[in-house]
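The values are calculated or read from the model by the stated rules, or taken from the named source; none is laboratory data. Computed from a predicted structure; not experimentally measured. Here Cβ is always computed from backbone atoms with ideal geometry, including for glycine, and neighbour counts include all displayed protein chains.
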Amino acid sequence: MALVKAGVVVLDCAEPEKLAVFYKELLDAEQTHESANRVEIRGGDGLRLAFRRDVNATPPSWPRPENALQAHLDFVVEDLDEAERKVIGLGGRPLETKDAAGPYEERGFADPAGHSFTLRLTPSTAPKQG
């Protein structure tokens, strides 16, 4: 029998209610818990995220080194342009990366509280040609 039943990724932020709405809309998720200092959601694929109140939370500065990346989320999408429009429409913002070269199969963003995440294209199942 497994000792740990489930895992939850927890993001610290000043306003958990607002950040939960961002991810709930982005992931088409449902809210499963809310208390004075924490909101939790679950996506259709079982992904669980929680947002914990920390009035002193400061967002990471990635890709700048002064407050390096602590953690980030990866989301797999089928259409990068469509997903990017949704992220920006929900209040997220694109992150500039100086080493982004070649075909853009992933893009970096920050949520409204400044946590970074990546949208990645669904890997192609077709064999490589050429």
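Annotations for the structure displayed:
- Filter pass, residue 22 being in contact with a strand residue (DSSP E or B) (Cβ under 6 Å, 6 or more places away or on another chain), in contact (Cβ under 8 Å) with a residue 40 or more places away in the chain and not in a loop (DSSP other than H, G, I, E, B): no
- A residue that is closer than 19 Å to residue 110 by Cβ and modelled with pLDDT under 90 occurs somewhere in the stretch 12-19.
- Pairs meeting the criteria (first residue in the stretch 25-40 and loosely packed, with under 14 Cβ neighbours inside 10 Å, second residue among the basic types (Lys, Arg) and assigned to a strand (DSSP E or B), beta carbons under 7 Å, at least 6 apart or on different chains) are 30/42; 32/42; 37/52; 37/53.
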